[in-house]
1. Using the Karplus curve 6.51 cos²θ - 1.76 cosθ + 1.60 with θ = phi - 60°, work out ³J(HN,Hα) for each residue of the range A:100-105 in order, rounded to whole Hz, and write x for Gly and Pro.
2. Helix A:7-61: angle to the longest alpha-carbon principal axis of chain A, degrees 0 to 90, nearest 10?
3. Highest mean first, what order results for B:110-118, B:76-84, A:71-79, A:96-104 on Cβ atoms within 10 Å?
4. Counting other Cβ atoms within 10 Å, which trypsin sites (Lys or Arg not before Pro) in the range A:1-46 have at most 14 and lie in a DSSP loop?
5. With each run of n ≥ 4 DSSP H residues scored as -39500 (n - 2.57), what mean residue ellipticity at 222 nm is computed for the protein assembly as shown after dividing by its residue count and rounding to the nearest 500 deg cm²/dmol?
6. Report relative contact order for the range A:22-95 in percent, whole number only (criteria: Cα-Cα under 8 Å, sequence separation at least 6).
7. Quick one: which residues, 5+ away or cross-chain, put their amide H under 5 Å from the amide H of B:D121? H built at 1.01 Å from N.
8. Determine, for B:T59, B:T90, B:T13, the number of other Cβ atoms within 10 Å of each Cβ, and report the residues in order from fewest to most.
Amino acid sequence: MKQGVSLLEASIALLIIIVALVVFLTLASNYLRTVRYATELYVMNSLAQEGLELVIAWRNKKIEVPFEETVVLPPVNGSYCISFSNNNINLQPSGSPCTVSFLGQRPNINYYRILNFSTNNDIISVTSSINSSIWRDPFIQLNIKLTPWHIIFQ
Amino acid sequence: MAHYFSVKNRGFTLLEIAVVILLVSLILLIVSDIYIGITKTSVILERRIRALENVNLGTEKVWRLLKYSWDIQNLGNGIRFKNDNCVPMTIQFADNNIKINDEDLFDPYLVKVNDFRTAIDSPNTTERYAYYQYAPKVIVLYYNLELKERITTSSLIFQQAVAPLNSLYSVNKCQ
């Protein structure tokens, strides 16, 4: 005798359809998040790299002295914030990351940067860490080893 | 044969068929809507990835040129310098793009430049005997870009700094 579809069968069919829809939607949303994350990482990577370039420039600026003066690289150890303002590089000791400053309009997200210095003989190891108001953990960390500066005579 | 013509095997009523068609069309509508949505998203994201790659290539080119540059001058919205072979070059904001000697840095179909600013440091001494005494030690570049994604656009604001290697030379090779 034909009875049609039972409530259990209909429920299972409905469940399968819902699971398939949820899987589709999750895939699409994960894809979106991944690309947004990639864009964020790109910006954070640029800003971490900017921090290291500013450190190299800070070291190189110590060479800008009159001929009779000796060049001294001040001792650095611990956590610092670095920024570029008024055509100068500012390196300040800091216990927590500082907001990255921009030359123009700021992005909607805040980025925070901190540099960690550790000196061993003449070599200074620098780590530039960046996090953002969206991702709190230091997502990007770049390292550089600074050797004492030297003038290149041609 | 009698089985097929029995009273119990009457087929579907018009109402049953109507309900089934309605349900199938509803499911089709939902599934196709989701499918179109996913396709649209994937097209947008594919464009964004391409645009991001284009930005990456462009900024690396700028970084490489400026890293080995001489005679650097800041224009506010660009940099004038000489490359490692002492050929004069300009990187400047124009026509919603960044031009390197009149050549587009970014693909205009993928990236639109809203703003581009540049800054260099001032020397700590007024002496100009050696190149390293007055050569800029850092160039800061600010990018305000729009990544074009066919239907929508997304903003990309970041900064890049370059510490030119040649700023430690005592003699300006390109003077």
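Readers should treat all values here as calculations from the given coordinates under stated rules, not as data from a laboratory. None of these values were measured; they are calculated from a predicted model. For neighbour counting, all protein chains shown are included, and Cβ atoms are generated from backbone atoms with ideal geometry for every residue, glycine included.
1. Per-residue couplings from phi come out as 6, 8, 10, 6, x, 4 Hz.
2. Long axis of A:7-61 versus the principal axis of chain A: about 0 degrees.
3. Peptide ranking by packing, descending: B:110-118, B:76-84, A:96-104, A:71-79.
4. Taking the range A:1-46 and a limit of 14 other Cβ atoms within 10 Å, the loop trypsin sites (Lys or Arg not before Pro) found are A:K2.
5. Numbers: 3 runs with 113 residues, N = 329.
For the protein assembly as shown, the value works out to -12500 deg cm²/dmol.
6. 21 percent
7. B:K137, B:V138
8. Ranked by crowding around the Cβ, least crowded first: B:T13, B:T90, B:T59.
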